[in-house]
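I have placed the structure first, in the form of structure tokens, so that the comments after it can refer back to it.
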Amino acid sequence: MALRRLQTGNRGLVIAAPWSGSGKTIITCALIRLLKKRGLKVAPFKIGPDYIDPAYLEKAAGRPCYNLDTFFCPGEALHQSFRRGMREADLAIVEGVMGLFDGLGGTTKASTAEVAKELGLPVVLVLPAKSFSGTAAALVRGLIEFDESLKFLGLILNQVGSAKHEKFLRRALSEVEIPVIGVIPRDEILELPSRHLGLVQAEELDFGERLEKLAEKMANFIDVEAILNIRSHTLEPEEGFHGDHPFKKKFYMAVARDRAFAFYYRENLDLLMEAGADLIYFSPLKDPFPEKAQALYIGGGYPELFAESLSQRKELLEHLRKRIKEGLPVLAECGGFMFLLEAIETQGKVYPMVGAIKGVARMTKGLRALGYREVRFPRQNFLFPEKALARGHEFRYSVVPNGKLWGLEVKDAEGQRVETYGLAENNLVASYIHFHFGSCPEALKHFVSQI
């Protein structure tokens, strides 16, 4: 089989792997930093609904990271997400999600492969080669022949044990039509710490200094010139980004953002600003609530790790409870939803929270929910009009005993009803679900018309 010619519709590439835990994130970050040191403006992207990995990619690139997701934003909406992230960039580096062909319900829908094909981007395949050699050829051949419309730029061998191991791998792969453009040895510095929701947040590590060391090491292991050469194989995007909305209206929106609340889809923040929002960032861990704010957005994060500190912010908690009762529009997602409850129970202790919604979030040892969500709103609220359909993602290690679901009808990606918790009524939309505004364009128009 001849290697398929690279001809794509956009400038960039996708870093993919056969399965999760292959080293995609650390390799993508190091590659971005390497290219940045070469003087390129690199636009980072993350395929799928993740909100932790993008923070690492953002640190590496020094510019915002955007999610690319065909469940949230199919068709033209995906291209809009890509164009938004590519503003003034020379090159896109896109980190894939899970295995290359892993999509919804055992299909390739919303997979890394689907996004790569939709955007016309070639794939760099990361192969975690620890503990095998000859099998590498069978695995790689299967991946590159599974869908012949997918383009491949090269192969990076990761976790290689020795020079001898590399020799065996190269011999095994010699007849596979994909060039090896990187060989990375086993090294603890090439790993990132994790916890129950995924990687430890980039803000919690001295990632900047570590990233420089990673980039220096990777420069010896990856053929950067092969990456740079993709620019000669790619075409310019067909059109630029247009971000102004006809319903634009000036208003102030507070956004909770600190170590406790850090999970936001960057595109949501952009869409709010394009709709006229002046975003006022504040830290619930230390700042007062911005008085001129006309609405509040509290994203997800790890409030359970900071429950004691948050519970001691009594003046803020009382103020938020009062403002919400008076009608302050609030969107609270996952950790933000937990913050609005009466308390968070973790490690046997109960910490009082805002108390705007009845119930206590109890942390659990095991995963309680994970997956895409389709949400219908039978009644209108401040954000979603009546019967609106929005898409999002749920990922939690907590429950709300005796909690309810009110004002939301929630199903998974296959249309099956999902047991979860939340409230959507009047000025409050609060649940375990992280919404992507690109999935429901009418939401912001509805919101702005009422603000």
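The values are calculated or read from the model by the stated rules, or taken from the named source; none is laboratory data. For clarity, every value in this text was computed on a predicted model and none was experimentally measured. For neighbour counting, all protein chains shown are included, and Cβ atoms are generated from backbone atoms with ideal geometry for every residue, glycine included. Note: areas computed on protein heavy atoms with side chains; ligands, DNA, RNA excluded. Shrake-Rupley method; radii C 1.70, N 1.55, O 1.52, S 1.80 Å.
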- Message: Looking at (1) more than 26 Å from Arg141 (Cα to Cα); (2) touching a Lys or Arg at 6+ places or on another chain (Cβ under 8 Å); (3) at pLDDT 70 or above, which one does Gln201 not meet, given that it meets all the others?
- Response: (3)
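Condition check ((1) at pLDDT below 95; (2) open to solvent by less than 60 Å² (accessible area, probe 1.4 Å); (3) touching a helix residue (DSSP H, G or I) at 6+ places or on another chain (Cβ under 9 Å); (4) within 26 Å of Arg362 (Cα to Cα)) across all residues:
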site	(1), (2), (3), (4)
Glu394	no, yes, no, yes
Val399	no, yes, no, yes
Gln416	no, no, no, yes
Ala424	no, yes, no, yes
Ser439	no, yes, yes, no
Lys445	yes, no, no, no
Ser449	yes, no, no, no
- Query: Of all residues in the stretch 267-277, which are over 19 Å from the mean Cα position of the chain (by Cα) and within 17 Å of Gln450 (Cβ to Cβ)?
  - Reply: Ala275, Gly276, Ala277
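Given the structure, is Ile433 more than 22 Å from the chain's Cα centre (by Cα) and aliphatic (A, V, I, L, M)? Write out each step before concluding.
Numbers: more than 22 Å from the chain's Cα centre (by Cα): no; aliphatic (A, V, I, L, M): yes.
No.
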- Test: residue in the stretch 106-119 that is of a type outside the set (S, T, N, Q), free of Cβ contacts under 8 Å to residues at least 24 places away in the same chain and closer than 30 Å to Leu139 by Cβ: yes
- Message: Show the residue pairs meeting these rules: Cβ distance below 9 Å; 6+ apart or different chains; first residue within the stretch 438-451 and in contact (Cβ under 8 Å) with a residue 24 or more places away in the chain; second residue assigned to a helix (DSSP H, G or I) and among the polar types (S, T, N, Q).
- Response: Gly438/Gln80; Gly438/Ser81; Gly438/Asn268
- By my count, strands (runs of 3 or more DSSP E) wholly in the stretch 295-404 with at least 2 residues that are farther than 30 Å from Gln450 by Cα are 341-346, 349-352, 357-363, 369-376, 389-396
- Test result for Arg63, surrounded by fewer than 24 Cβ atoms within 10 Å (Cβ to Cβ), without any contact (Cβ under 8 Å) to a residue 40 or more places away in the chain and touching a strand residue (DSSP E or B) at 6+ places or on another chain (Cβ under 9 Å): yes
- Task: Identify the single condition in (1) modelled with pLDDT of 90 or more; (2) open to solvent by less than 50 Å² (accessible area, probe 1.4 Å) that Arg171 does not satisfy, given that it satisfies every other one.
- Result: (2)
- Note on the structure: Residue hits (the stretch 120-149; open to solvent by less than 60 Å² (accessible area, probe 1.4 Å), assigned to a loop (DSSP other than H, G, I, E, B) and either among the aromatic types (Phe, Trp, Tyr) or in contact (Cβ under 8 Å) with a residue 40 or more places away in the chain (or both)) are Gly120, Leu121, Pro122, Ala129, Phe132, Asp147
- Take the stretch 406-429 and flag every residue that is farther than 14 Å from Arg373 by Cα and touching an Asp or Glu at 6+ places or on another chain (Cβ under 8 Å). Trp406, Gly407
- Identify the single condition in (1) open to solvent by 20 Å² or more (accessible area, probe 1.4 Å); (2) farther than 16 Å from Leu331 by Cβ; (3) within 20 Å of the chain's Cα centre (by Cα) that Arg257 does not satisfy, given that it satisfies every other one. (2)
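Out of Glu419, Glu394, Glu442, which single residue is more than 21 Å from the chain's Cα centre (by Cα) and closer than 21 Å to Asp69 by Cβ?
Values: Glu419 fails: closer than 21 Å to Asp69 by Cβ; Glu394 fails: more than 21 Å from the chain's Cα centre (by Cα).
None of the others qualify; the one that does is Glu442.
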- From Met363, Met353, residue being closer than 24 Å to Tyr302 by Cβ, open to solvent by 30 Å² or more (accessible area, probe 1.4 Å) and aliphatic (A, V, I, L, M): Met363
- Task: Answer yes or no: is there a residue in the stretch 285-293 that is in a helix (DSSP H, G or I) and not aromatic (Phe, Trp, Tyr).
- Result: no
- Do we find a residue being crowded, with 20+ Cβ neighbours inside 10 Å and hydroxyl-bearing (Ser, Thr, Tyr) anywhere in the stretch 38-58? yes
- Message: Would you confirm, using the coordinates I've provided, whether Thr70 is in a helix (DSSP H, G or I), in contact (Cβ under 8 Å) with a residue 40 or more places away in the chain and of a type in the set (S, T, N, Q)?
- Response: no
- Message: Among (1) charged (D, E, K, R); (2) touching a strand residue (DSSP E or B) at 6+ places or on another chain (Cβ under 8 Å); (3) open to solvent by less than 20 Å² (accessible area, probe 1.4 Å), there is one condition Glu308 misses while meeting the rest; what is its number?
- Response: (3)
- Given the conditions (1) touching a strand residue (DSSP E or B) at 6+ places or on another chain (Cβ under 6 Å); (2) in a loop (DSSP other than H, G, I, E, B); (3) modelled with pLDDT of 95 or more; (4) not polar (S, T, N, Q), which single one is not true for Trp19? (1)
